[in-house]
Amino acid sequence: MNIELVRLTNEYREQLTEMLTEWKNDIIVNHTNMSPWKIWVNDFYNFDYYLENLDTKEGNENGWVPDTTLFCLDKDRNIFVGAVNIRHYLNDKLLKTGGHIGNGVRPSERRKGYATAMIALALEECKKLGINKVLLCCNKDNIASAKAIIYNGGVLENEVEEDGHIEQRYWISL
C-alpha cells in the first residue's frame, strides 16, 4: 500500500471529483456513511469555493473548531481512496461524539485496509499539532471502523447514545 495524506490543491481536482461522485452515488443508492462529514459541507463541483472553504481556520459561534482535511492518495494509481478531517481541539459536542479524527474510505476501496492506514497517518498529523491524546468515535454498528481504531491503539472508554444510535468513544495516547 503506497499512500500518503495530501492537502487538496488544483492538481487533485480530477481525483476529488471522481471519488466524491462515486461516493455520492453510493450514498444515494445504499444510504452509506458520509464520514468525514466535512468533505460534504460544500459543493465539490464548485472547486475553487470548495478548496477555499475546506478547512476551518478558527473556531466560531456555530460550534466549528479549527480543522484540517486531508485526502488519502494512492500514489501507485494516482487516485483518492479516502479522506480524514482532523479537529485541532475538542469542544463539548466533539468530546461527546465527534472526536479529533473523522475518516472515510470511498465505496470501491473499502475492506482493503485503507481506514487503518489512514488513521495511522492522521495520528502522525495529530502529533505535529501537539495533540497527545486523540479521541476517535464510531457507530457501534460500524465494526470495520472499530477494528481500524483498535488496531491503531484505540481503547474504548464508553458508549453514548446520539440521535438514536450508540456511538463508541476510543482514546489513543500518542
Go through the residues of region 66-78 one by one and say whether even a single one is surrounded by fewer than 20 Cβ atoms within 10 Å (Cβ to Cβ), more than 24 Å from W23 (Cα to Cα), of a type outside the set (A, V, I, L, M, F, W, C) and without any contact (Cβ under 8 Å) to a residue 40 or more places away in the chain. yes
In region 116-142, which residue that is touching a strand residue (DSSP E or B) at 6+ places or on another chain (Cβ under 9 Å) and assigned to a loop (DSSP other than H, G, I, E, B) is least open to solvent (accessible area, probe 1.4 Å)? I131
Considering only residues of region 48-70 that are at pLDDT below 80 and polar (S, T, N, Q), which is nearest to Y89 (Cα to Cα)? N60
Enumerate the pairs (first residue in region 152-169 and at negative phi; second residue anywhere and open to solvent by 40 Å² or more (accessible area, probe 1.4 Å) and in a loop (DSSP other than H, G, I, E, B)) with beta-carbon separation below 6 Å, excluding pairs fewer than 6 apart on the same chain, so at least 6 apart or on different chains. I166/K140; Q168/K140
Mind listing whichever residues of region 33-60 are out of contact with any strand residue (DSSP E or B) (no Cβ under 6 Å at 6 or more places or on another chain) and under 13 Å from G82 (Cβ atoms)? N33, M34
Selected residue [under 26 Å from N158 (Cβ atoms) and open to solvent by less than 40 Å² (accessible area, probe 1.4 Å)] from G82, G99: G99
Please tell me if A146 is outside any strand (DSSP E or B), in contact with a strand residue (DSSP E or B) (Cβ under 7 Å, 6 or more places away or on another chain) and farther than 13 Å from V84 by Cβ. yes
Subset of region 28-47 that is assigned to a helix (DSSP H, G or I) and more than 24 Å from H88 (Cα to Cα) - its residue that is farthest from the chain's Cα centre (by Cα): V29
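The values are calculated or read from the model by the stated rules, or taken from the named source; none is laboratory data. The shown structure was predicted, so the numbers you read here are calculated from the model rather than taken from an experiment. Using ideal geometry, Cβ is built from the backbone for each residue, glycine included, and neighbour counts are taken over all protein chains shown. The area values use the complete protein model at the heavy-atom level, side chains included, leaving out ligands, DNA and RNA. Shrake-Rupley method; radii C 1.70, N 1.55, O 1.52, S 1.80 Å.
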